[in-house]
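The values are calculated or read from the model by the stated rules, or taken from the named source; none is laboratory data. All values derive from a computational prediction rather than experimental measurement. Cβ atoms come from the backbone with ideal geometry, glycine included; neighbour counts cover every protein chain shown. For the accessible areas, the whole protein counts, side chains as well, though only heavy atoms, and no ligand, DNA or RNA atoms are used. Shrake-Rupley method; radii C 1.70, N 1.55, O 1.52, S 1.80 Å.
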Amino acid sequence: MAHLLNTSFIPSSSPTLRPRNPTILIHTRRAPTRIVAKIREIFMPALSSTMTEGKIVSWMKSEGDKLSKGESVVVVESDKADMDVETFYDGYLAAIMVEEGGVASVGSAIALLAESEAEIADAKSKAASTSPSSSSSSSSSAAAAAEVAAAPPQVKEVASLSLSTHPASEGGKRVVASPYAKKLAKELKVELGRVVGSGPSGRVVAKDVEAAAAAAAFSVGPTAAETASVAAKSVGIELGTVVPFTTMQGAVSRNMVESLAVPTFRVGYTFTTDALDALYKKIKSKGVTMTALLAKATALALAKHPVVNSSCRDGKSFTYNSSINIAVAVAMDGGLITPVLQDADKVDIYSLSRKWKELVDKARAKQLQPQEYNTGTFTLSNLGMFGVDRFDAILPPGTGAIMAIGASQPTVVATKDGRIGMKNQMQVNVTADHRVIYGADLASFLQTLANIIEDPKDLTF
């Protein structure tokens, strides 16, 4: 769902009103009506509840371009995703006040929209007198560009991977790429216009840039030193440098600090996963993912323990959430995001798996919509795929609990008849808001979840 730009009227001049005496009729010649020019400010929109500032990824239109209502104008990087932003009004993009790469606070002006071509000059004058932040952003960007230009080249001129016009560009004039991909392209001296992106709508992502750099290095026969340099650069890390937070990292930092104000406690549990593993092997070929199975099992358990799905936001009351929306942590370039499987208790496992794959693709391309990442009522964080057997998770603000899931591993256990046996077991730790959820609540919830996982027949209904 596209987001619309907030705008406000800025009259370029005010009409003068002639005073009248209502009791005396005087035949006079009326002054000609004066047309008021309309110049609207385009504001940085709030694209999520936690967003305080946004970064301009790219302007999809140039100064002087005619705009139609509902047309995409700019791509903004919020604390969660890159989003195309549309305009509310017809007019002309008169002046861009925050250039690509610049950062602006939510609600501050990033451009001016003129009603007609005649007002463009007035809008430019207005922008020049009221956009000190824009000039500072531009100067800092210029300084950064100069620093990059001054650095010795690490890679020889890159050969073209494809001569076709980039599908995410406008006639080849502008390429749409993720912020990290743009940064990496500068470091590796890759021309983005020559790279065909693999992201949604042809958006260039980091792996496309790395592939282009590797192909170019191979084509020109690099030395061993050059190969090592490219490998080091592809990591995107310069040792010894101080790197400011990205917009997403800043949001994560604020949330983590906010979570420290919530009194939490943790409860661990060990599940036997033999039956769940067998079910997964049986239906994996139908597109079912383990993440979807765990989310479904958790949602069914939460339906029987609504207090664990509740949330406390003001410290004075709590809410029994009407929906069970399972948020699942996903690592991505420069941060972390939690796509949400909404109504996971009501959706069948096959649809849930398809939805999860779609959400992950959108998350890694930074194309998630706000309702797809900020509506979670319970969170899962799974590091089992890395072989981690146990860990604790930090409670996201505004939710009641988060469950950290470890790997399912073969374990020697004692059977009920006193013999030694082998079973696959998985450890979980749940972190909960102790203002609302108590130890007995979590223990009861985990027992129910264990019964579902160890006898998972209900997961496929």
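The condition of being in contact with a Lys or Arg (Cβ under 9 Å, 6 or more places away or on another chain), at pLDDT below 95 and farther than 27 Å from Ser322 by Cα holds for Pro410. Taking the residues in segment 379-420 that are polar (S, T, N, Q) and more than 30 Å from Asp314 (Cα to Cα) as candidates, determine which candidate is surrounded by the most Cβ atoms within 10 Å (Cβ to Cβ). Per the stated criteria, the residue is Ser408. If the condition is being under 14 Å from Ala297 (Cα atoms) and either in contact with a strand residue (DSSP E or B) (Cβ under 6 Å, 6 or more places away or on another chain) or in a loop (DSSP other than H, G, I, E, B) (or both), then segment 427-457 contributes Val428, Leu446, Ala450, Ile453, Glu454, Asp455. Asn309 falls short on exactly one of the conditions (1) open to solvent by less than 10 Å² (accessible area, probe 1.4 Å); (2) out of contact with any strand residue (DSSP E or B) (no Cβ under 7 Å at 6 or more places or on another chain), and that condition is (2).
Go through segment 347-368 and report how many residues are open to solvent by 30 Å² or more (accessible area, probe 1.4 Å), part of a helix (DSSP H, G or I) and not acidic (Asp, Glu).
Number of matching residues: 7.
Return yes when Ala440 is surrounded by fewer than 19 Cβ atoms within 10 Å (Cβ to Cβ) and either acidic (Asp, Glu) or modelled with pLDDT of 95 or more (or both) and no when it is not. Spelling it out, Ala440 is indeed surrounded by fewer than 19 Cβ atoms within 10 Å (Cβ to Cβ) and either acidic (Asp, Glu) or modelled with pLDDT of 95 or more (or both). When only residues in segment 286-300 that are assigned to a helix (DSSP H, G or I) and polar (S, T, N, Q) count, which is most open to solvent (accessible area, probe 1.4 Å)? Per the criteria, the residue is Thr291.
Selection of first residues in segment 65-76 that are within 15 Å of Gly54 (Cα to Cα) and of second residues that are in a strand (DSSP E or B) and open to solvent by 50 Å² or more (accessible area, probe 1.4 Å), restricted to Cβ pairs under 8 Å at least 6 apart or on distinct chains, gives the following pairs, ordered by first then second residue: Val74/Asp84; Val75/Asp84; Val76/Lys55. Restricting attention to segment 421-437, the residues being open to solvent by less than 20 Å² (accessible area, probe 1.4 Å) and more than 15 Å from Asp274 (Cα to Cα) number 7. Cβ-Cβ distances below 6 Å connect the following pairs, each with a first residue in segment 318-340 that is farther than 14 Å from Pro396 by Cβ, a second residue that is in a loop (DSSP other than H, G, I, E, B) and of a type in the set (Asp, Glu), and a separation of six or more residues or different chains: Ser323/Asp343; Ile324/Asp345. Against the definition (of a type outside the set (S, T, N, Q), at pLDDT below 95 and exposed (fewer than 15 other Cβ atoms within 10 Å of the Cβ)), how does Asp314 come out, yes or no? So Asp314 fits the description; yes. In this entry, Ala393 is excluded by the filter for residues that are modelled with pLDDT of 90 or more and more than 29 Å from Val252 (Cα to Cα). Taking segment 102-117 on its own, how many of its residues are closer than 18 Å to Glu53 by Cα and not in a loop (DSSP other than H, G, I, E, B)? Going through segment 102-117 one residue at a time, the tally reaches 6.
Considering every residue within segment 393-413, establish whether at least one is touching a residue at least 24 places away in the same chain (Cβ under 8 Å), in a helix (DSSP H, G or I) and hydroxyl-bearing (Ser, Thr, Tyr). No, the conditions are met nowhere in segment 393-413. Considering Ala344, Ala303, the condition of being under 22 Å from Gln371 (Cβ atoms) and part of a helix (DSSP H, G or I) is satisfied by Ala303 alone. One residue stands out among those in segment 235-255 that are among the aliphatic types (A, V, I, L, M) and not in a loop (DSSP other than H, G, I, E, B): the one that is nearest to Gly102 (Cα to Cα), which is Met248.
Selection of segment 443-461 for residues being farther than 26 Å from Pro397 by Cα, surrounded by 13 or more Cβ atoms within 10 Å (Cβ to Cβ) and not acidic (Asp, Glu) yields Ala450, Asn451, Ile452, Ile453, Pro456, Leu459, Thr460.
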